[in-house]
């Protein structure tokens with residue numbers, strides 16, 4: 001009978017929705033010709049009018065990178081990247097003389113962010129959220145700066161921090177992710193263009209959510225942003241990043257570094273909604289997302305990573321915590337959804353150094369279409385981690401019968417008093433669940449998104465309220481074309 | 001209400017229903033009994049349009065419309081409800097969220113406005129008490145960690161909230177103790193009225209002591225081999241199904 005379409009076919013139909021953020025904006029830009037050598041690094045540094053120490057820092061990274069090899073251990077496959085065919089710097093032309101206020105920003109740029117649902121006009125902005133917008137390689141606008149300044153909070157482009165707060169940048173840049181940490185971190189250290197800088201003074205609770213929206217616009221351009229967040233003793237901050245890119249047939253490289261420093265008794269909550277262009281349904285195009293994110297937690301400090309990953313053709317990302325101080329806490333809550341030909345190798349590292357440190361890992365992987373999703377996580381208890389605890393839960397949900405879910409847990413325990421727990425499950429969106437929902441009058445689309453959202457509930461509840469709603473909707477859109 | 005005319009249906013290339021005809025009028029309660037493998041559950045699945053149940057020939061009219069032209073959710077919104085024998089769990093999706101989505105879908109279909117969250121919550125709480133489920137079950141995941149009896153009561157609660165015109169109970173009595181059975185039966189009886197019809201599929205006569213049917217049909221070999229009133233159910237209880245086997249073509 002014609003109405004008896006199989007569950008698989010229905011879900012596949014659902015998964016065919018288009019990438020909503022896939023438009024390209026016609027903005028004039030200054031883009032560096034492709035290629036990478038010392039002159040490129042010097043050029044970028046000169047564009048930013050950086051002091052000598054910053055240039056030296058970049059060059060040291062570049063020289064290290066030249067000697068390094070691309071990592072191949074991740075469970076992802078993609079053609080070799082030609083690093084000489086990428087442009088390492090692109091700036092909207094109108095940014096040459098950085099605008100002093102929003103009124104001076106190219107209206108086309110503001111329109112781009114509005115299309116993405118990110119209002120940059122402060123009066124229209126999401127209540128209580130300050131936004132830094134990074135377009136290609138340059139931060140275009142940061143909202144609510146004055147209000148934050150009153151609280152002593154610094155929230156500005158990192159290129160500006162290099163000039164205005166050199167002592168902080170010198171002290172902390174590379175302190176958590178050293179230049180030579182890995183291939184992509186070294187590349188980022190050499191050519192990073194911009195990103196956000198956050199400083200929360202001692203004892204201050206940041207009065208609003210901070211967020212950065214990254215947008216890659218130019219063709220053949222890599223985006224290398226660098227984020228540094230420093231939370232002084234007893235301070236508290238919640239930060240969110242979002243990312244989108246136009247639909248292009250070529251793959252584009254995104255290699256970011258994020259460093260978090262949580263000093264004694266501080267809390268940093270870092271949430272990501274990653275929606276880079278994932279490529280089309282045949283696997284053409286999409287962003288290569290190779291990101292290094294790490295935080296260091298001092299005594300009694302807490303670092304919490306929450307990520308919702310629905311975009312990118314290839315994701316290689318392990319937001320990690322070094323639990324250095326006694327009683328420090330690390331958390332990782334992750335939803336990674338792959339569809340069509342997407343590949344994700346993501347997870348975390350929890351390095352327990354201090355006494356009574358504890359970590360929690362909740363990772364939810366959803367695979368649909370012909371995609372592959374892997375969880376890769378390391379829990380390490382060092383000899384000094386007396387009484388440390390870890391709890392890990394990895395759940396995989398499969399949609400259809402052509403996708404894959406993989407789990408690679410690494411556990412290294414060098415302290416006999418440490419307690420490590422690991423739970424893992426794999427399940428499917430079953431025909432029975434679909435039938436129950438549909439028999440109660442829900443259409444297939446609603447049924448799938450409800451079941452998947454239910455699966456992700458533990459992670460979504462960690463997101464700031466308005467972003468939890470956004471994340472749920474994003475999943476709905478990303479799922480179009482894949483259940484069974 | 002429901003007219004089934006010479007229905008032939010198969011599952012995985014095996015024909016299960018043969019020339020089955022059945023006419024159910026508004027307000028009637030029909031019990032379908034029969035031995036294991038007779039096609040009792042298949043009938044409910046075919047009527048609700050479940051994947052894998054293929055209609056080979058015959059026609060079905062539901063509330064004056066051609067049922068076979070409708071998809072699963074459309075049949076549900078038109079007022080067809082199946083209470084499952086083994087209700088499945090949907091982890092992380094709260095019962096409240098699920099029920100509201102279902103009720104909203106049905107109301108939208110009927111041209112009614114969605115209920116406000118406040119009104120719905122009140123309605124759901126009251127309804128849960130009618131099936132002796134603590135309102136805390138509304139906050140839990142759909143059937144997640146529910147006992148067998150709680151799952152069945154949850155089904156009846158859904159039925160009450162959706163106010164269907166045709167309720168199909170698929171061996172709702174299986175695995176229930178006598179107390180739970182009475183709760184389920186009184187829920188069903190409270191819903192009986194001149195507009196609403198029921199198909200009660202069961203293996204045992206016991207349920208029919210509590211939900212007294214207007215008609216009893218015996219299904220064997222995929223066709224109705226005998227029809228009668230509630231006395232037929234007692235006869236079956238006493239004699240078993242064996243004596244009817246001769247009537248199977």
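Values in this text are rule-based calculations from the coordinates and carry no lab data. None of these values were measured; they are calculated from a predicted model. No Cβ is skipped: glycine too gets one built from the backbone with ideal geometry, and neighbour counts run over all protein chains shown.
Report, as an integer, the average count of C-beta atoms from other chains found within 10 Å of each Cβ along B:133-145. Please list the in-between numbers first.
Values: counts 0, 0, 0, 0, 0, 0, 0, 0, 2, 7, 1, 1, 0.
Other-chain Cβ atoms within 10 Å of each residue's Cβ, averaged: 1.
Is the range A:48-92 best put as rounded, prolate or oblate by its Cα gyration tensor, with a ≥ b ≥ c the root eigenvalues, rounded for a/c under 1.5, and otherwise prolate when a/b is larger than b/c, oblate when not? Working shown, then result.
Numbers: a/c = 3.06, a/b = 1.65, b/c = 1.86.
Note, shape of the range A:48-92 comes out oblate.
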What order do you get for A:150, B:171 when you list them from fewest to most C-beta neighbours inside 10 Å? A:150, B:171
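Let me know the whole percent of all Cα-Cα pairs from the range B:189-249 that are separated by more than 15 Å. Kindly include the intermediate steps, with their values, before the conclusion.
Working: 959 of 1830 pairs.
Percent of Cα pairs beyond 15 Å in the range B:189-249: 52.
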Computed over the range B:79-184, Cα set: Rg, Dmax in Å: 13.3, 40
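If the convex hull of the alpha-carbon atoms of the range B:96-155 is projected onto planes in all directions, what is the mean projected area in square nanometres? Each step should come with its number before you reach the end.
Numbers: hull surface 16.1 nm².
So the Cα hull casts an average projection of 4.0 nm².
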Span from the the range B:104-181 Cα centroid across to the the range B:1-41 one, whole angstrom: 26
Three-way shape label, the range A:274-386, alpha-carbon gyration tensor, a/c 1.5: prolate
So the angle from the long Cα axis of helix B:148-162 to the longest Cα principal axis of chain B, reported in degrees to the nearest 10, equals 80
When all C-alpha to C-alpha distances in the range B:1-101 are sorted into bins of 10 Å, what percent of pairs does each bin hold, rounded to whole numbers? 13, 44, 32, 12, 0
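Have a look at the DSSP beta bridges in the protein assembly as shown and tell me what percent are antiparallel, nearest 5. Before the final figure, lay out the partial values.
On the way: 35 of 179 bridges.
Restricted to the protein assembly as shown, the bridges split so that about 20 percent are antiparallel.
Calculate, for residue A:160 and residue A:66, the FRET efficiency according to 1/(1 + (r/R0)^6) with r their C-beta to C-beta distance and R0 30 Å; round to the nearest 0.05.
0.55
With only alpha-carbon atoms in the gyration tensor, what are the semi-axes of the equivalent ellipsoid for the protein assembly as shown, in Å, largest first? Could the numbers behind the result be given before it?
Working: eigenvalues 694, 135, 107 Å².
Listed largest to smallest, the semi-axes of the protein assembly as shown are 59, 26, 23 Å.
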State the Cα centre-to-centre distance between the range B:192-249 and the range A:295-365 in whole Å. 59
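What number in nm² do you get for the range A:376-421 if you take the convex hull of its Cα atoms and divide its surface by four? The partial results should precede the final answer.
Working: hull surface 13.4 nm².
Projected area, direction-averaged: 3.3 nm².
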Hey, could you pull the Cα Rg and Dmax for the range A:403-484, both in Å? 17.1, 54
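Stokes-Einstein diffusion coefficient for the range A:327-484 at 10 °C in a medium of 1.306 mPa s, Rh from the Kirkwood formula over Cα pairs: what value in µm²/s?
Numbers: Rh = 16.6 Å.
After rounding, the answer is 95 µm²/s.
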Could you give the nm distance between label points at residue A:56 and residue B:204, where each point is 7 Å from its Cα heading toward the beta carbon? 8.7
If one puts a single equal scatterer on every Cα of the range B:2-247 and applies the Debye formula without solvent, what log₁₀ I(q)/I(0) results at q = 0.08, 0.09 Å⁻¹? -0.30, -0.38
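Extension gain residue B:186-residue B:108, at 0.36 nm per residue separation less the Cα-Cα distance, in nm?
Here the segment from residue B:186 to residue B:108 would lengthen by 25.2 nm.
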As a test, work out the antiparallel percent of DSSP beta bridges whose residues both lie in the range B:2-247, rounded to the nearest 5. 55
Projected area of the range A:353-433, taken from the Cα convex hull and averaged over every viewing direction, in nm²? 5.6
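Going by how many other beta carbons lie within 10 Å of each one, how would you line up B:123, B:68, fewest first? Intermediate values should be presented prior to the final figure.
Working: B:123 16, B:68 19.
By the 10 Å Cβ count, ascending: B:123, B:68.
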